[in-house]
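The values are calculated or read from the model by the stated rules, or taken from the named source; none is laboratory data. Fair warning: this is a prediction, and the values are worked out from it, not measured in the lab. A quick note on method: Cβ atoms are made from the backbone with ideal geometry, for glycine too, and the neighbour counts reach across all protein chains shown.
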Protein chains: 2
Amino acid sequence: MIKVGIIGVGTVGKSVINILKDNADIISARAGVDIVVKSGVVKNLSKDRGLEIILSDNVDDILDDSEIDIVVELMGGVDEAFLVVKKALRSGKAVVTANKALLAYHRYELQDIAQDMAFEYEASVAGGIPIINALRDGLSANHIKSIMGIMNGTCNYMLTKMMNEDVEYDAILKEAQELGYAEADPTFDVGGFDTAHKLLILASIAYGIDAKPEDILIEGIQNISADDIAFAKEFGYAIKLLGIARKTNNEVELRVHACLISKDEMIAKIDGVMNGISVVGDKVGETLYYGAGAGGDATASAVVANIIDIARSGKSKPMLGFDKPLEGELKLKSIDTITSKYYLRINVSDKTGVLAKISKIFEENNISIETMLQRPASKDSANLLISTHIAVEKDIQNMIERIAELEFVNFKPVMIRVI
Amino acid sequence: MIKVGIIGVGTVGKSVINILKDNADIISARAGVDIVVKSGVVKNLSKDRGLEIILSDNVDDILDDSEIDIVVELMGGVDEAFLVVKKALRSGKAVVTANKALLAYHRYELQDIAQDMAFEYEASVAGGIPIINALRDGLSANHIKSIMGIMNGTCNYMLTKMMNEDVEYDAILKEAQELGYAEADPTFDVGGFDTAHKLLILASIAYGIDAKPEDILIEGIQNISADDIAFAKEFGYAIKLLGIARKTNNEVELRVHACLISKDEMIAKIDGVMNGISVVGDKVGETLYYGAGAGGDATASAVVANIIDIARSGKSKPMLGFDKPLEGELKLKSIDTITSKYYLRINVSDKTGVLAKISKIFEENNISIETMLQRPASKDSANLLISTHIAVEKDIQNMIERIAELEFVNFKPVMIRVI
């Protein structure tokens, strides 16, 4: 019998307990042993949780318990979780975590510490979708050309709603908050940070590349308006917040931002709160993984899968999927040098000569225009909606600064990259 | 160093050799050891294949070679492959196969024989998509509610073309044959047999259920016409050939047939030669896996992933994912008792009273009509296109027999189940 201790018994922790109980029959058949949750750690012991396990408010009650084989870390946060997980591994326990922030900052240290003990983290990216499994094992024969993921259900819910119902951002955010899809402070989700944490984990498995959230481009969806949505519809695009990892020569791009993406692409078809990740391998071509990215049971499904895997085979592979440095010569690409097509929304006062001046700035920055629409925005202002041919990020940023300084431009142009 | 012998060096075998060479750097980093192909077995030794490995036309040259750690079986067929694979396992070699027919007939015997040796078969279902991996490991915490898979690229290519271009079946088949997407004798693909083999493999992992292709409902796409496609479009459906495994109470339905499926479902969005499999777990909800289901490199990507997994961890789990009987009480559901919505195309001579007579037969068989369209088919015949509410298969089949006997019905009604 395998005994599990859970540190942090909230929504996901309770689902882990329930799944191990509800599905004990098949889990035992698949794992080859029975798996039970012996104990849990919570902050507030006085709250009645209706659970049949031993509860404590001291992590050492699990870490020092020689009967516990697997520690499930669901406490969240970075520093304290790192201490707890290190101690668990060093005392010979396997660890399963759903903590993306911990991994975004400490995955390489953890890979070193977890040389001998199993350390699994399927639930840290895209909830119930077994994407870690797919990338680390299923696609292991491939050099990974790119990863593009919709990995935040809040953003995808909001963008889908804006697309289907022509509602402005603020109204949709309010609705998402009322439905419990967005937090009171939604910045972590709508600002792209949650997606960035998950992207860094996937990029490590694919490329062995080390980076922290601070090192990469992270933008959110806060500036997207109904005008942008209308443009997207007219030209056959969906708008998605994507985490993107892409290998170009000896560099890896890592970036999180909203994208205009052809609605014929599979990833553009993923709507609502669902997540999906497209992975292109040099041999397998494109594969895509779709499912629920959040929710207690979906996340716990991944946690329990890791527990089963550890129960049947112990440590069967390196944590990030490689022993020797993987693609050791790869460097993080400077964001200034990425190339993309771009879409811009420039809000201008309705005066003569505006278009000529803006066109000139495009030309001076070597930006070539692909399509342009002008639409009235208010009584005396208009939106210029412009898509470009392939351009360099630095040139676009310079151009946006220049345009923003123009007297007749009412606020800094909104830019969305086109995939 | 791990040494591999390949039995059957055709398109996939050559891709395996190339991938192990092209991607040796990352494969070695991921596997923790170098992996090389030492030798291969071919039927015709006189053909120059430009390969740098030892070739023989005798399988025993690999099976008796004590240096070979992993045998890759790519010879195809059932009986001879079964003998070869058994011998390899019994002589202490791990086996990787892409042979779906072998598994459709012998997977449980192989699970018994492969108690101690690794036996892997990711490439046998949906080529490069790591669906075995997902189902056996990633979703192991779940009771599987259903599996629905587009697992034959030939059929999906043809149905997508018919949908997009309003062309009749025969013309599309000819085009698919010219493009190399369909065989000269296309029966194995368009008749649903290829899909059935793959479905049986997935159903074993999900349910532990034993069945042979002869035991289950297998229908193809040969009867689908432009009329059916037009109906599908009008009512918001796609038409897909699906392999379906579904648990209902203590029974499992296993069936392969064309389906009308709402175009809003993710699986309905998978077009062209691509494959996709939707798996619904009781905890994780729906997950979907998409990618190339055929082709040398995509299939070899899965074969090499299995080789890497064996190189790094040996035998780490039971072949079908369980030791003890899984959901032991589950029985194969008799096809007569399945329930579904149905679509029927009834070609009738243009006479008065036809509709009344047909309606009466519907009523007598307890079939309730949801929608009906009548369309001219030729100068003096019409198509009745009818969709039903939920009905029982046996009733539908009885009704079709009765209708087919009617004097004014020109040929046996075409039926497509609605998912």
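If you check A:A232, A:A134, A:A141, which single one turns out to be within 14 Å of chain B (Cβ to nearest Cβ), hydrophobic (A, V, I, L, M, F, W, C) and either in contact with a His (Cβ under 8 Å, 6 or more places away or on another chain) or in a helix (DSSP H, G or I) (or both)? Break it down into steps so the answer makes sense when it comes.
Numbers: A:A232 fails: within 14 Å of chain B (Cβ to nearest Cβ); A:A141 fails: either in contact with a His (Cβ under 8 Å, 6 or more places away or on another chain) or in a helix (DSSP H, G or I) (or both).
Exactly one of A:A232, A:A134, A:A141 is within 14 Å of chain B (Cβ to nearest Cβ), hydrophobic (A, V, I, L, M, F, W, C) and either in contact with a His (Cβ under 8 Å, 6 or more places away or on another chain) or in a helix (DSSP H, G or I) (or both), namely A:A134.
Comparison of A:A300, A:A258 shows that the only residue that is of a type in the set (A, V, I, L, M, F, W, C), in the same structural domain as A:D22 (by TED's automatic domain parsing) and farther than 20 Å from A:I144 by Cα is A:A300.
Mind listing just one residue for me: the one in segment B:5-43 that is within 30 Å of the chain's Cα centre (by Cα) and in a loop (DSSP other than H, G, I, E, B) and, of those, farthest from the other protein chains (Cβ to nearest Cβ)? The qualifying residue farthest from the other protein chains (Cβ to nearest Cβ) is B:K43.
Considering only residues in segment A:271-284 that are in a loop (DSSP other than H, G, I, E, B) and more than 7 Å from chain B (Cβ to nearest Cβ), the one that is nearest to the chain's Cα centre (by Cα) turns out to be A:V273.
Here is a check on your reading of the model: is B:E219 under 27 Å from B:I335 (Cβ atoms), exposed (fewer than 15 other Cβ atoms within 10 Å of the Cβ) and at pLDDT 95 or above? Explain how you work it out, then say what you get.
Details: under 27 Å from B:I335 (Cβ atoms): yes; exposed (fewer than 15 other Cβ atoms within 10 Å of the Cβ): no; at pLDDT 95 or above: yes.
So B:E219 fails the test.
Are any residues in segment A:258-270 closer than 15 Å to B:K263 by Cα and more than 17 Å from the chain's Cα centre (by Cα), and if so, which ones? Matches in segment A:258-270: A:K263, A:D264, A:M266, A:K269.
Take B:V84 and decide whether it is touching a Ser or Thr at 6+ places or on another chain (Cβ under 8 Å) and either assigned to a helix (DSSP H, G or I) or under 30 Å from B:S278 (Cα atoms) (or both). In short, no.
Conditions tested, residue by residue: (1) in a helix (DSSP H, G or I); (2) more than 14 Å from chain B (Cβ to nearest Cβ); (3) small (G, A, S); (4) crowded, with 16+ Cβ neighbours inside 10 Å.
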| position | (1), (2), (3), (4) |
| --- | --- |
| A:A305 | yes, no, yes, yes |
| A:A311 | yes, no, yes, yes |
| A:F322 | no, no, no, yes |
| A:L344 | no, yes, no, yes |
| A:V348 | no, yes, no, yes |
| A:A356 | yes, yes, yes, no |
| A:F362 | yes, yes, no, yes |
| A:E370 | no, yes, no, no |
| A:Q374 | no, yes, no, no |
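Could you list, in sequence order, all residues of segment B:92-124 that are out of contact with any strand residue (DSSP E or B) (no Cβ under 9 Å at 6 or more places or on another chain) and assigned to a loop (DSSP other than H, G, I, E, B)? I'd like the intermediate steps shown before the answer.
The first filter runs over segment B:92-124 and keeps only residues out of contact with any strand residue (DSSP E or B) (no Cβ under 9 Å at 6 or more places or on another chain), leaving B:92, B:100-101, B:104-109, B:112, B:115-116.
Within segment B:92-124, B:G92, B:Q115, B:D116 qualify.
Screening the candidates B:D323, B:D309 for the property of being among the acidic types (D, E) and free of Cβ contacts under 8 Å to residues at least 40 places away in the same chain yields one hit, B:D323. Scanning segment B:251-270 for residues that are small (G, A, S) and within 14 Å of chain A (Cβ to nearest Cβ) yields B:S262, B:A268. Looking across segment B:285-294, the residues that are under 20 Å from the mean Cα position of the chain (by Cα), facing another protein chain (nearest Cβ under 8 Å) and of a type in the set (G, A, S) come down to B:G291, B:A292. Which residue pairs have Cβ atoms closer than 8 Å, lie 6 or more positions apart in sequence or on different chains, and pair a first residue in segment B:42-66 that is more than 19 Å from B:K93 (Cβ to Cβ) with a second residue that is modelled with pLDDT under 90 and part of a strand (DSSP E or B)? Short answer, once both residue conditions are applied: none. Taking A:S46 as the residue in question, decide whether it is crowded, with 19+ Cβ neighbours inside 10 Å and not hydrophobic (A, V, I, L, M, F, W, C). It is false that A:S46 is crowded, with 19+ Cβ neighbours inside 10 Å and not hydrophobic (A, V, I, L, M, F, W, C).
Among the residues of segment A:242-262, is there at least one that is touching a strand residue (DSSP E or B) at 6+ places or on another chain (Cβ under 7 Å), in a helix (DSSP H, G or I) and over 23 Å from B:G281 (Cβ atoms)?
To start, the set of residues in segment A:242-262 that are touching a strand residue (DSSP E or B) at 6+ places or on another chain (Cβ under 7 Å) comprises A:242-247, A:250-262.
Those still in the list that are in a helix (DSSP H, G or I) too: none.
No, there is no match, as no residue in segment A:242-262 is touching a strand residue (DSSP E or B) at 6+ places or on another chain (Cβ under 7 Å), in a helix (DSSP H, G or I) and over 23 Å from B:G281 (Cβ atoms).
When only residues in segment B:263-277 that are touching a residue at least 40 places away in the same chain (Cβ under 8 Å) and touching a Phe, Trp or Tyr at 6+ places or on another chain (Cβ under 8 Å) count, which is surrounded by the fewest Cβ atoms within 10 Å (Cβ to Cβ)? Residue satisfying both the conditions and the ranking: B:G272. I need the full set of residues from segment A:324-342 which are closer than 30 Å to A:E370 by Cβ and either of a type in the set (F, W, Y) or not in a strand (DSSP E or B) (or both), in order please. A:K333, A:S334, A:I335, A:D336, A:T337, A:I338, A:Y342, listed by residue number.
Taking residues in segment B:359-382 that are under 14 Å from B:I346 (Cβ atoms), and partners anywhere that are loosely packed, with under 12 Cβ neighbours inside 10 Å, the pairs with Cβ atoms closer than 7 Å and at least 6 places apart or on different chains are B:A382/B:P376. B:T352 fulfils the conditions (1) on the phi > 0 side of the Ramachandran plot; (2) more than 8 Å from every other protein chain (Cβ to nearest Cβ); (3) without any contact (Cβ under 8 Å) to a residue 40 or more places away in the chain; (4) of a type outside the set (K, R) except for a single criterion, (1).
Among the criteria (1) touching a Gly at 6+ places or on another chain (Cβ under 6 Å); (2) under 30 Å from A:R375 (Cβ atoms); (3) at pLDDT below 95, the one A:A294 does not fulfil is (2). In the set (1) away from chain A (no Cβ under 14 Å); (2) more than 30 Å from A:A206 (Cα to Cα), B:D69 fails one condition alone, (2).
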